[in-house]
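Contents: one structure, followed by commentary.
Each value in this text was obtained by applying a stated rule to the coordinates, not by laboratory testing. The structure displayed is predicted, hence computed values, not measured ones. Methodologically, a virtual Cβ is constructed for each residue, glycine included, from the backbone with ideal geometry; neighbour enumeration extends over all protein chains shown.
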Amino acid sequence: LADVLRGKKIKKLDLRECRLTPQNAAKIIKDLGKLEILKLNGNDLHQNVEDLANALSDKKIKELDLVSCQLTSQDAAKIIKDLGKLEILKLVGNVLHQNVEDLADVLRGKKIKELDLGDCRLTPQNAAKIIEKADVKTIILSANSFNEIDPIIQALKNSDCKIEECKLSDNNQYQRAQDAIKERISNQQKTILDNIDIDAIFEPVSDISL
């Protein structure tokens, strides 16, 4: 398959449920320089992800689907580390509750439009760590069975937070999250206005010669 695809100007590649290893996947995508969308859902990719990470490192991937790939936070961090153009990342169904700081650190500055972390065994504390650092517009945290979301709410209120929507399974929790985001955005806008020097903008002109 790798030989057949080599040199092709493929932008989207769907390899879901193909029983691939990271090494197999790396060989297939290695020479696909135009690749923008890659779906690897349902493949067992948790061992030796370095080969896959290296194959992706020079690609301008915009959407990456890694749903149910048996990945840890460390695995996911290695895979996406060099993907500077990434806009949509789906990690649903992976085991991300340990060493979540590794993933959070890599997500800082990525400017991702949508990050799906549904059903990843996250705790509210895990989710809060990602929220605090991730440069993401929309984060999806559905099906993580949060009993309480106070750490998430506090993270969403943090002035450095970039998130505009936080999707949760429970409607009441979702509304609390959105209220927290609205409060933060309102405070950020107020701070900007308070720091504007009106006198400097409309500085009077005293010396005019005709």
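Applied to the stretch 69-77, the Karplus parametrisation 6.51 cos²θ - 1.76 cosθ + 1.60 on θ = phi - 60° returns per-residue 3J(HN,Hα) values of 10, 6, 8, 9, 4, 5, 4, 4, 4 Hz, with x for Gly and Pro.
Leaving out same-chain residues fewer than 8 places away, which aspartates and glutamates sit with a Cα under 17 Å from that of Lys157? Lys157 reaches Glu132, Asp135, Glu148, Glu165, Asp179, Glu183. For Ile181, the shell of other residues with beta-carbons less than 12 Å away shows a net charge of +3, using +1 for Lys and Arg and -1 for Asp and Glu. Multiplying each eigenvalue of the alpha-carbon gyration tensor of the stretch 12-156 by 5 and taking the square root yields semi-axes of 25, 16, 12 Å, largest first, rounded to whole angstroms.
In straight-distance terms, cross-link reach from Lys30 covers every one of the aspartates and glutamates whose alpha-carbon lies under 18 Å from its own, apart from those fewer than eight places away in the same chain; here that gives Asp3, Asp14, Glu50, Asp51, Asp58, Glu63, Asp65, Asp82.
Ranked by the mean number of other Cβ atoms within 10 Å per residue, highest first, peptides 75-83, 43-51, 171-179 order as 75-83, 43-51, 171-179. Annotation: amide H of Ile140 within the under-5 Å range of Leu115, Asp116, Leu117, Lys167, sequence separation 5 or more or interchain, hydrogens built in the peptide plane. Pairs spanning more than 26 Å between alpha-carbon atoms, out of Lys81/Lys167; Lys8/Lys39; Lys62/Lys190; Lys12/Lys90; Lys8/Lys162: Lys62/Lys190; Lys8/Lys162.
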